[in-house]
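Have a look at the structure below, then the notes.
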Amino acid sequence: TIAREIVKDIQDMEGDTLVGAKTIPIVSGIVPAKIIACAVLLIYLTPFFYMADYPTNLIIIIPILLNLLLILIATSKKMFALSSLGLKINMLIGMIFIIYITIVYN
C-alpha cells in the first residue's frame, strides 16, 4: 500500500503541487520517490525469498518484481498509472493468497 501511494503521488504531482501538498515526490523528487517505492517492495518481498520452496510464493514474487521494474522504468503519467494498477492487482493477489494459505494449511 505504501509503495502504491508513493506511485500515485508521483502520478498526481501536478495537482498536489497546486494545492500545496508535501508528498514524498514533491519534497524529494521523482527519482528518490521511485527508489523509496522500490525499497518498500523489496523489503516486503524479503520473507517470500526465504520461503521460496513454496511454489505458490511465485504468485506473489513475480508480479511484484514486474511492478518493481515498471516503477524503475516509468517516465510518464501513463506508466505510473499502469504501475499503480499493477500494485493494486498485487494487493488483491496477496489477499487471495492469504485466504488460500489459510484454507490449505489449516
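The values are calculated or read from the model by the stated rules, or taken from the named source; none is laboratory data. On a predicted model such as this, the values are computed, not experimentally measured, just so you know. Note that we place each Cβ from the backbone using ideal geometry, even for glycine, and neighbour counts take in every protein chain shown. All accessible areas refer to the heavy atoms of the entire protein, side chains included, with ligands and DNA or RNA removed. Shrake-Rupley method; radii C 1.70, N 1.55, O 1.52, S 1.80 Å.
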* Considering every residue within segment 4-11, establish whether at least one is part of a helix (DSSP H, G or I), farther than 14 Å from F80 by Cα and either modelled with pLDDT of 95 or more or open to solvent by 60 Å² or more (accessible area, probe 1.4 Å) (or both). => no
* Asked: Among the residues of segment 42-95 satisfying the criterion of being small (G, A, S) and in contact with a Leu (Cβ under 7 Å, 6 or more places away or on another chain), which is nearest to P25 (Cα to Cα)?
  -> S83
* **Matching residues in segment 86-106 - criterion: being in contact with a helix residue (DSSP H, G or I) (Cβ under 9 Å, 6 or more places away or on another chain) and open to solvent by 80 Å² or more (accessible area, probe 1.4 Å)** => K88, I89, I96, Y100
